[in-house]
Amino acid sequence: MDGYEIPLHRSLTEPILMGGAPRSAAILIGTLAAALALGLRLWIPGLLVWICGHTAAVWAAKADPDFMAVAMRSLRHKGHLTC
């Protein structure tokens, strides 16, 4: 029907991703990797944590871009979902 359509910007419907991973997951993985690499001076394990973690987050985001929200919700309601 004429008059019932409004333009919707693409940024309102797409998830916020950093390098293909959800923003919260990318920040968490980067912080952990930086703490290992810079804080504990474990450069190679820090790099491996970042590469493996970010790769896993990108892989999970391809299946479901909101997997972090779903995982946090399932952890919060774990006691209510037991059989």
Open item on the list: So in the stretch 1-39, with the set limited to residues that are exposed (fewer than 15 other Cβ atoms within 10 Å of the Cβ) and small (G, A, S), which one is nearest to the chain's Cα centre (by Cα)?
Closed with: S24
TODO: Select from the stretch 35-61 the residues that are out of contact with any helix residue (DSSP H, G or I) (no Cβ under 7 Å at 6 or more places or on another chain) and either of a type outside the set (K, R) or touching a residue at least 12 places away in the same chain (Cβ under 8 Å) (or both) and list them in ascending order.
DONE: A35, L38, G39, L40, I44, L48, I51, C52, T55, A56, V58, W59
Open item on the list: Looking at the stretch 21-34 only, could you name the residues that are in contact (Cβ under 8 Å) with a residue 40 or more places away in the chain and among the small types (G, A, S)?
Closed with: A21, S24, A25
Open item on the list: Looking only at residues that are aromatic (F, W, Y) and modelled with pLDDT of 95 or more in the stretch 44-72, which one is nearest to L17 (Cα to Cα)?
Closed with: W59
- [ ] Being over 13 Å from A35 (Cα atoms) and either more than 15 Å from the chain's Cα centre (by Cα) or open to solvent by 80 Å² or more (accessible area, probe 1.4 Å) (or both) is the filter here, so list the residues in the stretch 49-60 that pass it.
- [x] C52, T55, W59
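The values are calculated or read from the model by the stated rules, or taken from the named source; none is laboratory data. All figures in this text were calculated on a predicted structure; none of them were measured in a lab. With ideal geometry, Cβ positions are generated from the backbone for all residues, glycine too; neighbour counts draw on all protein chains shown. For accessibility, only protein heavy atoms count, side chains too; no ligands or nucleic acids. Shrake-Rupley method; radii C 1.70, N 1.55, O 1.52, S 1.80 Å.
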